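The values are calculated or read from the model by the stated rules, or taken from the named source; none is laboratory data. Since we're looking at a predicted model, the values are computed, not measured. Positions of Cβ are generated from backbone atoms using ideal geometry, with glycine treated the same way; all protein chains shown enter the neighbour counts.
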């Protein structure tokens, strides 16, 4: 997988590929140049997007308010910004 883009030390931009209506919610791993995330929620009324935000916030140790879907709200392919992210190594 390509190294995630970062505009600053505290911000991370990720390409995400979601699979809604899965049997369980989990981060699966690499999918091309994106991170694949399975979601149990259906892609209706923003439910899958809200679940994605919750999973990413928990996995990366940031608040839900610091996870922003900047592109692809109605698509399986998304670009997500994480603020307040700190990592010694990616």
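Out of all the residues in region 40-63, is one or more without any contact (Cβ under 8 Å) to a residue 60 or more places away in the chain, part of a strand (DSSP E or B), in contact with a strand residue (DSSP E or B) (Cβ under 7 Å, 6 or more places away or on another chain) and surrounded by 14 or more Cβ atoms within 10 Å (Cβ to Cβ)? Walk me through it before giving the result.
In the first step, residues of region 40-63 are kept if they are without any contact (Cβ under 8 Å) to a residue 60 or more places away in the chain; the result is 40-63.
Add one more test, that the residue is part of a strand (DSSP E or B), and what stays is none.
No.
Does residue 77 satisfy being surrounded by fewer than 16 Cβ atoms within 10 Å (Cβ to Cβ), closer than 17 Å to residue 15 by Cα, at pLDDT 95 or above and within 11 Å of the chain's Cα centre (by Cα)? Quick ask: steps written out before the conclusion?
Numbers: surrounded by fewer than 16 Cβ atoms within 10 Å (Cβ to Cβ): yes; closer than 17 Å to residue 15 by Cα: yes; at pLDDT 95 or above: yes; within 11 Å of the chain's Cα centre (by Cα): yes.
So residue 77 passes the test.
Right, residue 18: touching a residue at least 60 places away in the same chain (Cβ under 8 Å) and touching a helix residue (DSSP H, G or I) at 6+ places or on another chain (Cβ under 7 Å) or not? Before the answer, list the steps.
Numbers: touching a residue at least 60 places away in the same chain (Cβ under 8 Å): yes; touching a helix residue (DSSP H, G or I) at 6+ places or on another chain (Cβ under 7 Å): yes.
It is true that residue 18 is touching a residue at least 60 places away in the same chain (Cβ under 8 Å) and touching a helix residue (DSSP H, G or I) at 6+ places or on another chain (Cβ under 7 Å).
Quick one: residue 24 ticks every box in (1) part of a loop (DSSP other than H, G, I, E, B); (2) modelled with pLDDT under 95 except a single one, so which number is it?
(2)
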